[in-house]
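Since the structure comes first, as structure tokens, the remarks are kept for the end.
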Amino acid sequence: MKCKLYLHAKNLPNVAGLFKGKSDPYAVVKVVKKNQPAIEVGVTEVIKNTLDPRWIHPFIFEHELGTPMFLSIAVMDKIPKETDKPMGSAMLDVDSILGAKGNIKAKKMKGGGIIYAKVTPHTGMGDFNVQLRGVKLKNVEGLFKKSDPFYEVLHLNDGNW
């Protein structure tokens with residue numbers, strides 16, 4: 001079955017260094033099956049200046065219930081023009097996450113902090129991302145008033161808006 005993984009972490013160690021603010025964490029996710037090499041599923045986005053990141057990017061992977069499968073999660077601090085520093089790592093059993101209340105599991109990471117993993121069945125609906133921007137909008141309300149522009153986003157459902 002297809003599964004979707006969401007991640008967030010808390011209380012990560014600050015490895016940015018003295019006078020450099022807080023770390024900029026991201027996570028690298030790999031799938032580990034018995035007697036097979038680890039396969040990288042993907043990398044989250046970098047969240048700047050936080051030790052409690054909540055990553056938005058989900059990961060989709062295949063899993064056969066009852067077949068041992070683990071998620072290897074490594075949290076790194078993004079350092080421009082240098083080698084990124086490790087902040088923590090953990091291995092989580094996919095079946096134990098799916099069997100947990102709310103399909104979410106927390107685990108203390110080697111190196112510090114706690115990683116939270118939520119795995120749900122993937123329905124195949126996909127994701128919808130949109131970015132809207134107004135540039136050089138014309139004021140149509142007059143000289144002493146200000147226009148209040150807005151966007152209307154509609155969803156097509158069974159041929160109806």
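Side notes on the structure shown:
- Cross-link partners of K145 among lysines (Cα-Cα below 20 Å; sequence separation of 8 or more within a chain): K136
- With both labels modelled 7 Å from their Cα along Cα-to-Cβ, the A100 to T123 distance reads 2.3 nm.
- Selection of GluC sites (Glu not before Pro), region 1-75, meeting DSSP coil and at most 13 other Cβ within 10 Å: E45, E64
- Computed per residue of the chain from DSSP H runs no shorter than four, each worth -39500 (n - 2.57), the mean residue ellipticity at 222 nm is -1000 deg cm²/dmol.
- Across region 3-96, C-alpha contacts under 8 Å between residues 6 or more apart give a mean separation that, scaled by the residue count, equals a relative contact order of 32 percent.
- Max mean-square fluctuation residue, GNM over the chain, Cα-Cα springs under 10 Å, options S147, S96, S23: S147
- Which listed pairs, of K34/K108; K48/K107; K20/K105; K78/K101, have C-alpha distances above 28 Å, in listed order: K20/K105; K78/K101
- Among N49, N35, N14: highest mean-square fluctuation, GNM of the chain, C-alpha pairs under 10 Å: N35
- The fraction of all Cα pairs in the chain landing in successive 5 Å bins from 0 to the largest distance is 2, 8, 14, 16, 14, 11, 10, 8, 7, 5, 3, 2, 1, 0, 0, given as whole percents.
- Per residue, the accessible area of the chain comes to 71 Å² when a 1.4 Å probe rolls over the protein heavy atoms.
- Spin-label pair S147/K81, simplified geometry with 7 Å Cα→Cβ offset, distance in nm: 4.3 nm
- Portion, in percent, of the accessible area of the chain that falls on carbon or sulfur, probe 1.4 Å: 55 percent
- Net charge over other residues, Cβ less than 13 angstrom from the Cβ of I73 (K, R count +1; D, E count -1): +4
- Residue of G17, G88, G42 that the Gaussian network model of the chain assigns the largest fluctuation, springs spanning Cα pairs under 10 Å: G17
The values are calculated or read from the model by the stated rules, or taken from the named source; none is laboratory data. Keep in mind the model is a prediction, meaning the values are calculated, not measured. Methodologically, a virtual Cβ is constructed for each residue, glycine included, from the backbone with ideal geometry; neighbour enumeration extends over all protein chains shown. Note: accessible area is taken over every heavy atom of the protein model, side chains too, but ligands, DNA and RNA are not part of it. Shrake-Rupley method; radii C 1.70, N 1.55, O 1.52, S 1.80 Å.
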